[in-house]
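First comes the structure, then the notes that go with it.
The values are calculated or read from the model by the stated rules, or taken from the named source; none is laboratory data. This one's a predicted model, so the numbers in the text were calculated from it and none came from an experiment. Cβ: placed from backbone, ideal geometry, glycine included. Neighbour counts: every protein chain shown.
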Amino acid sequence: MVIKRKIKLAIILFFGMILPVFFFAQSFTATVNKKVIPMGEYFEIRFTINATASNFQPPDLKDFNVYQGPNQSSNMSWVNGVVTQSISLSYYLGGKKEGKFTIGPASIVVSGKKLLSNAVAIEIVKGNAPANQNQNQTQNQTNTNPQRNEYSNNSGGNDVFVKTLASKQKCYLGEQIVVTHKIYARNQIKTIQNLKLPSYTGFWNKEEDRNKQSQLETENVDGIMYYVVEFNKTFLFPQRTGELEIDPVEIDVITAVQSRNRPRNIIEQLIGGGYEDKVNKLKSKPVKITVNALPEANKPADFNGAVGSFNFKAELDRDKVKENDAINLKITISGRGNINLIDNPKIKFPSEFETYDPKVNENISVNAAVSGSKTFEYLLIPRKRGQYTIKDFNFSYFDHEKN
């Protein structure tokens, strides 16, 4: 989506100021992201031209499985009165057999002249499993692991769908679970709208801090290449035992699909020629999570439900004071887990102390996991002279990774 906005602005500048043209040598190159590819894996070949062009002809790809392509991308900029432009067409390929291969030149027409790209040499080597075996294995995993296949699609067939992925199918009460929602599309994703997230009934939930733009990635699903966008990540903490259900996520995804009127050249493709918007109304399947009770064996009496991995420290601002002077006791619990749900520790202070409810502060980060710290600050005022000892107090938590 960022690329499209950038392209739109650059096109306006280009046609509004037609005098500055391309003052650089024309270049048409072919590159691959890797030159040694195991059987069952794919690679990308990209053809890039830095001038206005038409009549792109790919090389002969008969020795390869074409998973996806051609996919187009572009980069245009205006620097010191000079327009620079590059357009790329890419394919995702996989080997049909082992051996060394040369992908011949592609051709394109620039200003009436035919240009050829360079040839590219690659090698297909033995993989961990043949391509068809990998595909069968993926299908078997899809059937046996519903956690990786929780999606459905109300329109568009298999061209676009939404997945809800949970990090675990079984967990303990209060244990952190990561739920991710992703869009898979074979065509360009233009925008999303009308998002309706699950209610997460039975869970305390916290959304990831999304202060960065979602990245467009690619993924091979059963031998088909898809554009993938992660649009939401939420951290869940189950609040009751038994089988809980995560409701479906609903979303409208706008994709660019090829229209009946084909564009005449690549520049026309960039400004929307030959493509039209399609609204895909998507809905995932519900995800079931089995929540087990925490073990009762060896559970401390002061356990208050903290689940995760934590550190615990306590400190006094001073240990010698005058009568009726205030002392501050600061207790800090830090780590990863359900920090928000941690209660203040139970402490038995000397009867000669005047005490108040603690001041509570939270510093929570929601990125790869819910983590951070929670502090409890107690104001203590000793009313009589003497030497006092605050009895030992503990903080107990359940570490699911060690149980």
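Filter the stretch 356-371 for residues that are surrounded by 14 or more Cβ atoms within 10 Å (Cβ to Cβ) and either touching a helix residue (DSSP H, G or I) at 6+ places or on another chain (Cβ under 9 Å) or at pLDDT 90 or above (or both); which is farthest from Arg318 (Cα to Cα)? Result: Val370.
Is there a residue being free of Cβ contacts under 8 Å to residues at least 12 places away in the same chain and over 30 Å from Ala293 (Cβ atoms) anywhere in the stretch 327-343? Quick ask: steps written out before the conclusion?
At the first step, the residues of the stretch 327-343 found to be free of Cβ contacts under 8 Å to residues at least 12 places away in the same chain are none.
Checking the stretch 327-343: not a single residue is free of Cβ contacts under 8 Å to residues at least 12 places away in the same chain and over 30 Å from Ala293 (Cβ atoms).
Among residues of the stretch 263-316 being part of a strand (DSSP E or B) and charged (D, E, K, R), the one that is modelled with the lowest pLDDT is Glu276.
Applying the condition of being part of a strand (DSSP E or B), polar (S, T, N, Q) and within 24 Å of Pro38 (Cα to Cα) to the stretch 88-124 and asking which residue is nearest to the chain's Cα centre (by Cα) yields Ser90. Is it fair to say Asp343 is of a type in the set (D, E, K, R), closer than 22 Å to Leu316 by Cβ, at pLDDT below 85 and surrounded by fewer than 12 Cβ atoms within 10 Å (Cβ to Cβ)? Taking the combined requirement at face value, the residue does not satisfy it. Screening the candidates Leu89, Leu195, Leu93, Leu115 for the property of being modelled with pLDDT of 80 or more and in the same structural domain as Glu217 (by TED's automatic domain parsing) yields one hit, Leu195. Among the residues of the stretch 372-394, those identified as within 30 Å of Glu175 (Cα to Cα) and modelled with pLDDT of 85 or more are Gly372, Ser373, Lys374, Thr375, Phe376, Glu377, Tyr378.
Looking at Thr218, is it surrounded by fewer than 13 Cβ atoms within 10 Å (Cβ to Cβ) and of a type in the set (Val, Ile, Thr)? I'd like the intermediate steps shown before the answer.
On the way: surrounded by fewer than 13 Cβ atoms within 10 Å (Cβ to Cβ): no; of a type in the set (Val, Ile, Thr): yes.
When the stated conditions are applied, Thr218 does not pass them.
Going through Ile339, Ile381, Ile331 one at a time, which residue ends up being among the β-branched types (Val, Ile, Thr) and closer than 30 Å to Ala166 by Cα?
Ile339
Within the stretch 177-197, the only residue that satisfies the criterion of being farther than 11 Å from Ile254 by Cβ, over 16 Å from the mean Cα position of the chain (by Cα) and in contact (Cβ under 8 Å) with a residue 60 or more places away in the chain is Arg186. Of the numbered criteria (1) within 30 Å of His181 (Cα to Cα); (2) surrounded by fewer than 17 Cβ atoms within 10 Å (Cβ to Cβ); (3) among the polar types (S, T, N, Q), the one Asn304 fails is (1).
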